[in-house]
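The values are calculated or read from the model by the stated rules, or taken from the named source; none is laboratory data. Worth saying up front: this structure is predicted, and the values here are computed from it rather than measured. Virtual Cβ from ideal backbone geometry, glycine too; neighbours counted across all protein chains shown. Note: accessible area is taken over every heavy atom of the protein model, side chains too, but ligands, DNA and RNA are not part of it. Shrake-Rupley method; radii C 1.70, N 1.55, O 1.52, S 1.80 Å.
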Amino acid sequence: MDATIPNSQRRPFSVKLWPPSQNTRKMLVERMTNNLTSKSIFTQRYGVLTREEAEENAKKIEDMSFSSADQHYEKEPDGDGSSAVQLYARECSKLLLEVLKRGPSTNGESETLTSEEVAAPPETFFDISKGQRAFIEADEAEKILSPLKEPGNSYTKICFSNRSFGSGAAKVVEPILVSLKDQLKEVDLSDFIAGRPEEEALEVMNIFSAALEGSILKSLNLSNNALGEKGVRAFGALLKSQSCLEELYLMNDGISEEAARAVCELIPSTEKLRVLQFHNNMTGDEGALAISEVVKRSPLLEDFQCSSTRIGSEGGIALSEALETCTGLKRLDLRDNMFGVEAGVALSKALSKHADLTEVYLSYLNLEDEGAIAIANALKESAPLLEVLELAGNDITAEAAPIISTCILAKPHLSKLNLSENELKDEGTILISKALEEGLNQLTEVDMSTNYIRRAGARHLAQVVIKKPGFKLLNINSNIISDEGIDEVEAIFKKSPDMLGPLDENDPEGGDDDEEEESADGEGNDDGLESKLKNLEVGQEE
């Protein structure tokens, strides 16, 4: 129950759809103005507005719709904005129809829509997580939770994250949660007992668990609470009563082998589970065996994160085999574990069955060339919509580059590629570059830092990515590029310097010994390397 636990971790999103640009907003106003002044089934029936009246109404409609959607987005800032965009479009359509049905003004004066004519949507999300982390006691709880006691409220989602509840505050909350549990769908209790003594923290968890027992939740977030086995079992009443969960978050919770077994034991049904996240726990191999049982019982799983959980080869193999049953998986994050080659090969068998994958995070798994090649071969034949691929820190050399390249060639939707902290050198980098050159117009980010890349590899990679229409960032820091090579790369990005990451940790002297040794064989210069690779096909295999 550590007070230094970080804030609640929410799902990452790579693209923000909200807010719309000023250009988009102006175009929408113009379109609505045209609708109000052009011949249509509605204007034929209700009348055409003058250009001036139509434009005034269109601006008012857009402004009110934008305001409603923006307020909606502010309450869920970690989303991608898609729900705000949908609300924006719905409000515009609804208000436009109202103006069309009202028709042109009859008294010679322009009549515009007023905010009073639009009913405010009912509040459904109650959130006390904003501001600094702090303790909350009974008196404050009575005050800030009072909206939840209002009869007929429409709250379906509550977030108590970032405030540490003591036993007094928990007793204030208890009857409120009992009265709401039949309408609640999403409950976020992440980081809600920080700094409390263990005995008090367990009492608080038991109170919340008993109050919410029997609710039919779609989403439950218990992250950042240092639960351990005692904490998991303190939530036993709530967990046992859940049979419709679609999202479960247990990140940074001290989920040990025993705690993982408790999770597996206490959740009766995960048949509807779509999101399961266990980031930053101490699960280990034995705990992974328990988690793999949960995964096996989750056929609809779309988003699985089990990163930084100290899982080795045995646990990695068990999880990989369990993932074979989740054929609808879209996002997989297993970063920062100790899988090794054998677990990597086992994982490749599961990946071959995942046609819907869009994001794959497999960095720092000790895959080596053999594991990386097996995974690249599997992904090459599956996951046609793959957008993100991370294989950083896996001791991958140029030997695996041809297979990784053919995998990349088969992914036209790829937007982010991270192969940093490997040993691809110029040979592997140029092969990867050749693959990136073919199509891949969605590409926005490439990270090839710390790969012993010299001048030729850096130049070739820079020349390829600079041509991508929406490209945003190339990271080739911490390599061994000569000063001349740095100058060449910076010249390539002269018109778009923000697209090139920092080069402050590059070491132009770092490859001197290797260069001298290679020069003795006549292969130590950049031009010689490019000549050697000139006719090497991306698709060729060793």
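Per residue, how much accessible area does the chain have with a 1.4 Å probe, in Å²?
Details: 24440 Å² over 542 residues.
So the chain comes to 45 Å² accessible per residue, rounded to a whole number.
Send over the Kirkwood Rh of segment 374-505, from the inverse of the averaged 1/r over different Cα pairs, rounded to one decimal Å. Don't skip to the end; give the middle numbers.
Values: mean 1/r = 0.0694 Å⁻¹.
After inverting the pairwise mean of 1/r, the radius is 14.4 Å.
State to the nearest 20 debye the size of the charge dipole of segment 244-323 about its Cα centre, where the only charges are +1 on K and R beta carbons and -1 on D and E beta carbons.
For this selection, approximately 100 debye.
Quote the relative contact order of the chain in percent (integer), defining contacts as alpha-carbon pairs under 8 Å separated by 6+ residues. Don't skip to the end; give the middle numbers.
Numbers: 1185 pairs, mean separation 36.7, N = 542.
Relative contact order, the chain: 7 percent.
Can you pull the Kirkwood radius for segment 450-490, inverse mean 1/r over Cα pairs, to one decimal in Å? Mind showing how you got there, number by number?
Working: mean 1/r = 0.0958 Å⁻¹.
Every distinct Cα pair counted, the radius reaches 10.4 Å.
Within segment 183-204, what residues put their amide N at less than 16 Å from the label point 7 Å along the Cα-to-Cβ vector of Ile216?
Backbone N within reach: 183-187.
Kindly write out, for segment 390-400 in residue order, the coupling ³J(HN,Hα) from the Karplus curve 6.51 cos²θ - 1.76 cosθ + 1.60 (θ = phi - 60°), rounded to whole Hz, with x marking Gly and Pro.
Whole-Hz 3J(HN,Hα) from phi for segment 390-400: 10, 9, 5, x, 10, 6, 7, 10, 4, 4, 8.
Cα gyration tensor of segment 314-439, axes a ≥ b ≥ c as square roots of the eigenvalues: rounded (a/c below 1.5), prolate (a/b > b/c) or oblate? Write out the running numbers ahead of the final one.
On the way: a/c = 1.94, a/b = 1.23, b/c = 1.58.
Oblate, because a/c is 1.5 or more while a/b does not exceed b/c.
For the chain, give the percent of accessible area contributed by carbon and sulfur heavy atoms, probe 1.4 Å, rounded to a whole number. Before the final figure, lay out each step's value.
On the way: 11530 of 24440 Å².
After summing per-atom areas, the C and S share lands at 47 percent.
If I model a spin label as a point 7 Å beyond the Cα along the Cα-Cβ vector, how far apart are those points for Arg90 and Ser382 in nm?
A separation of 3.5 nm, rounded to one decimal place.
In nm, to one decimal, how far is the modelled label at Ser67 from the one at Gln44, with both set 7 Å along Cα→Cβ?
3.6 nm
So what J values fall out for segment 355-367 if you push phi through Karplus, 6.51 cos²θ - 1.76 cosθ + 1.60 with θ = phi - 60°, rounded to Hz, Gly and Pro as x?
The phi angles translate into 6, 9, 4, 10, 9, 10, 10, 10, 7, 6, 10, 6, 6 Hz.
Using +1 at the Cβ of each Lys and Arg and -1 at the Cβ of each Asp and Glu in the chain, identify which of Ala374, Gly236, Ser93 lies farthest towards the dipole's positive end.
Ser93
Classify segment 120-174: rounded, prolate or oblate, from the alpha-carbon gyration tensor (a ≥ b ≥ c, eigenvalue square roots; a/c under 1.5 rounded; otherwise prolate if a/b is larger than b/c)? Before the final figure, lay out each step's value.
Numbers: a/c = 2.47, a/b = 1.51, b/c = 1.64.
Here segment 120-174 falls in the oblate category.
For the chain, what does -39500 (n - 2.57) per DSSP helix run (n ≥ 4), summed and divided by total residues, give at 222 nm, in deg cm²/dmol to the nearest 500? Could the numbers behind the result be given before it?
Numbers: 20 runs with 235 residues, N = 542.
Mean residue ellipticity at 222 nm (helix-derived): -13500 deg cm²/dmol.
How far apart, in nanometres, would the label points at Glu490 and Lys149 be if each is projected 7 angstrom from Cα along the Cα-to-Cβ direction?
Spacing of the two 7 Å Cα→Cβ label points: 6.5 nm.
By per-residue mean of other Cβ atoms within 10 Å, what is the highest-first order of 362-375, 204-217?
Numbers: 362-375: 23.6, 204-217: 20.5.
For the peptides 362-375, 204-217, the packing ranking is 362-375, 204-217.
Decide, for the chain, between rounded, prolate and oblate: order the square roots of the alpha carbon gyration tensor eigenvalues as a ≥ b ≥ c, take rounded if a/c falls under 1.5, and otherwise choose prolate if a/b is larger than b/c, else oblate.
oblate
If the only charges are +1 at each Lys and Arg Cβ and -1 at each Asp and Glu Cβ, what is the size of the charge dipole of segment 165-223 around the Cα centre, to the nearest 20 debye?
On the way: 5 positive and 10 negative charges, 48 e Å.
Dipole about the Cα centre, nearest 20: 220 debye.
Relative to the compact-globule scaling 2.2 N^0.38 Å, provide the ratio for the alpha-carbon radius of gyration of segment 430-510.
0.99
Which of the peptides 55-61, 485-491 is most tightly packed, and how do the rest follow, judged by the mean count of other Cβ atoms within 10 Å per residue? Display every interim value, and only then the final one.
Working: 55-61: 21.1, 485-491: 16.7.
Highest mean packing first, the order is 55-61, 485-491.
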